[in-house]
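Any read-out appearing in this document is the output of simple, stated calculations on the displayed coordinates, not a laboratory observation. All figures in this text were calculated on a predicted structure; none of them were measured in a lab. All Cβ positions, even for glycine, are placed from backbone atoms using ideal geometry, and neighbour counts span all protein chains on display.
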Amino acid sequence: MKTHRDTAIQYARDHRSRFLEDVKDFLSIPSISTDPRHKADIQRAAEWVAQRLRELGAQDVAIMPTEGHPVVYGVIPATRSDAPTVLMYGHYDVQPPDPLDLWESPPFEPEVRGENLYARGAADMKGQIMAVLAAIESLLQSGEMPVTMKFLIEGEEEIGSRHLPSFLKAHKDLFACDFSLNADSGILGPDLPAITYALRGLAAFELRVYGPDHDLHSGIYGGVVHNPANALAALIAGMQDAHGRITLPGFYDRVRSLDEAERQELARLPIDETFWLKQTGVPALYGEPEFSPVERASLRPTLDVNGLHAGFSGEGIKTIIPSMATAKISSRLVPDQDPEEVYEQMKQYLEEHAPPTIRWELDYLAGAYPVIMDLNTPWMQALVDAMTRVWGKRPYFKPEGATVPIVGFMQRLLEVDSLMVGFILPDANLHAPNEKLHLPTWYRGIETYIHFLCNLGTS
């Protein structure tokens, strides 16, 4: 006799083609959150999600305003009154598609080539949202909903979820749950299932260095006026030593040490130096020599220049001393660092090292807390079982070097932990041209969510 679980799995397999058409429809909306010209598209994407929830039978569906882009809310009750409540988090906004000339097909005209679906947002994260919704549809069509699902689908993740903390504070009771399911994650390869258990945080700044009150002729004033671009370069260079160790005062005071058990678990991951070289195309790796590449990329803090601007950068030459120079700088943080403390450390470094020949300003642009998950919760064990059923092997536990601000926000504002589980692959071209979703893995992801939700309903 077929179980509810079996019936849902079969439904998902029978409806793969329609699920694919649904995600294509969603991907055709250019919901670029950072560009005001796409405000109408943001609203259209929010309405698309809300309508999809209504079609699933969700109750209390609402497009809720924030100080920025809206949040979509809805709830699907469980069949049993004592079932756990899961808050599904996602974001319907996407990155800009530039540079457009590097796309092999238009970024908002989804196209299947081989085993991949290409479009902006295919992996990050409209395809991920649709995998969860496809699993829920399969369960509902099979006669039972094993958990209560709440939905929080926002439109500002790609610009730092800047208005979400105040929104969550104002609606804390509405989003009460046992834990959050965050599908904004991935696995190690088509046959390498993995669960993300840690995320780095973020502290982002803009540093401006000023010199003369206007651009100067470098032949007349060179040698007597300190060039702000030179000064900025020197300040940035001094923020790290030759091996990438960060020199901001007190920067490592809160950094949690890696214990031997954790380092052994990380060593199990099928990620070696060759992996990093292949993924990046660099001639050699860089960083703290006492830590492995996977440790450096996930559980060690970083400091990176994301952008520089000074003076003339057009074709040819223009011999000036610019009046100012700017840098965008970000630091990835690890437990138990605090982004606001890192901002103060950056200011202290500048106060101690900036020469008297220039003046500077530092703006705090964004911050997010690092997080680490408990591997022994019932939710985590239900997920491990689900992935093992689908892949036929126990998943790896991997820390993630990137930042997902909402996970830290939920931990502090809603007092709940998140499960990070998604099914994109390392070569998905996130934030880059030709972003793609590997469809065979996506279909396995839908089945994993079905098993996971069934496990929760019977645990």
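Over the Cα atoms of region 256-317, the radius of gyration divided by the Kirkwood radius equals 1.17; this is the Rg/Rh ratio. Note: region 1-42, Cα convex hull, 76 Å³ per residue. Going from the fewest other Cβ atoms within 10 Å to the most, the residues SER81, SER331, SER28 appear in the order SER81, SER28, SER331. Sort region 164-222 into rounded, prolate or oblate with this rule: let a ≥ b ≥ c be the square roots of the eigenvalues of the Cα gyration tensor; rounded if a/c is under 1.5, and if a/c is not under 1.5, prolate when a/b is larger than b/c, oblate otherwise. Verdict is oblate for region 164-222. Add +1 for every Lys or Arg and -1 for every Asp or Glu among the other residues with Cβ under 13 Å from the Cβ of LEU375, and state the total. Charge balance in the 13 Å sphere: -2. Charged neighbours of PRO440, selected by a Cβ distance under 11 Å, balance to 0 (K, R count +1; D, E count -1).
Distance from the C-alpha centroid of region 6-80 to that of region 187-217: 29 Å, rounded to the whole angstrom. On the beta carbon distance between ASP101 and ASP35, with R0 = 25 Å, the FRET formula returns roughly 0.85. Full extension of the chain between THR274 and GLN10 gives 91.1 nm of extra length, using 0.36 nm per residue less the Cα-Cα distance. In summary, the helical segments of the chain meeting the span-like criteria, namely a full DSSP H run, a Cα extent along the axis of 18 angstrom or more and a mean Kyte-Doolittle hydropathy of at least -1.0, are 39-55, 126-141, 378-391, 439-458. Here the spin labels are modelled as points 7 Å beyond Cα on the Cα-Cβ line, and at TYR286 and LEU430 they lie 2.1 nm apart. Which whole number in µm²/s is D for region 353-459 by Stokes-Einstein, with the Kirkwood Rh taken over Cα pairs at 4 °C and 1.567 mPa s? It diffuses with D of about 76 µm²/s by this estimate.
Counting only GluC sites (Glu not before Pro) that DSSP places in a loop and that have at most 11 other Cβ atoms within 10 Å, the longest clean stretch of the chain runs over 105-289.
Three principal axis extents describe the C-alpha atoms of region 135-276; from largest down they are 82, 42, 31 Å. Using the Cα gyration tensor of region 283-370, with a ≥ b ≥ c the square roots of its eigenvalues, what is the shape: rounded (a/c below 1.5), prolate (a/b larger than b/c) or oblate (neither)? Because a/c hits 1.5 or more and a/b fails to exceed b/c, region 283-370 counts as oblate. From the largest down, region 29-162 spans 53, 41, 21 angstrom on the principal axes of its Cα atoms. Take every pair of alpha-carbon atoms less than 8 Å apart whose residues are at least six positions apart; their mean separation over the length of region 343-459 yields a relative contact order of 28 percent. Ratio of Rg to Rh for region 355-407, alpha carbon only, Kirkwood? On the Cα set of region 355-407, Rg over Rh gives 1.34.
Between GLN59 and ARG113, the modelled label-to-label distance comes to 4.7 nm, taking each label 7 Å out from Cα in the direction of the beta carbon. Averaging 1/r over every pair of different alpha carbons in region 91-186 and inverting the result gives a Kirkwood radius of 15.8 Å.
Computed on region 294-335, with alpha-carbon pairs under 8 angstrom and 6+ residues apart, the relative contact order is 51 percent. Full extension of the chain between ARG263 and GLU351 yields a length gain of 28.0 nm, computed as 0.36 nm times the residue separation minus the alpha carbon distance.
If each of GLU340 and SER323 carries a label point 7 Å out from its Cα toward its Cβ, how far apart are those two points in nm? Placing both labels 7 Å along Cα→Cβ, they lie 3.5 nm apart. Full extension of the chain between VAL305 and VAL225 yields a length gain of 26.3 nm, computed as 0.36 nm times the residue separation minus the alpha carbon distance. Around LEU181, with a cut-off of 12 angstrom between Cβ atoms, what is the net charge of the other residues, counting Lys and Arg +1 and Asp and Glu -1? That sum, taken over residues with Cβ under 12 Å, equals -2.
Quick check: from the Cα gyration tensor, does region 343-385 come out rounded (a/c under 1.5), prolate or oblate? Here region 343-385 falls in the prolate category. For the chain, what proportion of DSSP beta bridges, expressed in % and rounded to the nearest 5, is antiparallel? Close to 70 percent. Contact order for the chain, expressed relative to its length and based on alpha carbon pairs under 8 Å spaced 6+ residues apart, stands at 25 percent.
Grouping the Cα pair distances of the chain into 10 Å bins from zero gives a pair-distance distribution of 4, 19, 28, 26, 14, 6, 2, 1, 0 percent in increasing distance order.
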